[in-house]
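Let me begin by presenting the structure, written as C-alpha cells, before commenting on it.
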Amino acid sequence: MTVLTGSCLCGARAYEIDGEIDGVWACHCSLCRKVSGSNGNAILIVPKDRFRWVRGEDHGVTFALRETYTITRCKTCGTPLPAETDARNVYVTAGTLDAPLGSGVRTHLFCASRADWDRDEPDTRFFDERSS
C-alpha cells in the first residue's frame, strides 16, 4: 500500500496518509484566498481512517473564523495544516506533502469567487529555477 507523508515547514508536525489520492481540490473562495495569501487553497480530501499524525499532533493552533471554517497552523512556523473538523474526512493542505503526489488538480471550487488576477497573462514568464 502507498503511504504518503507530509509535514510543516519546521518539521514539528508530520502525518501519513494510507493509499492513493484521486487528485487535488482547489478552492478559490475569498476565505481560502485570505488564509493562504494566494489564489486559494489546494487540498486533498482524505477519509479519516486513512490519515494519522506521526509527530506533533499537539503542536498546532486552530483559528475558528466561522462556525463552518477553521484553519489550523503549526505553533512554530505557521504552516497551514490538515483540518479535522469534518466527521468523515481530513482536509490536507496539498503543499505540505513531502514528495510528489503523481496527480494534479481534479476539481476547482468557488470559481465565481476567483480573484480577477488569478490567470496567466499572454506574456507570462516561466522559470524552472530561481531567477537571479
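No lab work stands behind these numbers, since they all come straight from the coordinates. Owing to the predicted nature of the structure, the values given are computational and were not obtained by experimental measurement. FYI the Cβ positions are ideal-geometry reconstructions off the backbone, even for glycines, and counts take in every protein chain you see.
Assorted remarks:
- Positive contributions from Lys and Arg (+1) and negative ones from Asp and Glu (-1), summed over other residues with Cβ under 14 Å from the Cβ of residue 4, come out at -3.
- Electrostatic tally near residue 83: other residues with Cβ closer than 12 Å to its Cβ, Lys and Arg +1, Asp and Glu -1, net 0.
- Going from the fewest other Cβ atoms within 10 Å to the most, the residues 119, 73 appear in the order 119, 73.
- Cβ-based net charge around residue 57, under 15 Å, with every Lys or Arg adding one and every Asp or Glu removing one: +3
- Residue-wise HN-Hα couplings along segment 42-53, as the Karplus relation 6.51 cos²θ - 1.76 cosθ + 1.60 with θ = phi - 60° gives them from phi, are 9, 10, 10, 9, 10, x, 3, 6, 10, 10, 8, 7 Hz; Gly and Pro carry x.
- Correct option for Cα extents along the principal axes in Å [calculated from the coordinates] among [x] 50, 29, 28; [y] 45, 31, 28; [z] 44, 35, 30: [z]
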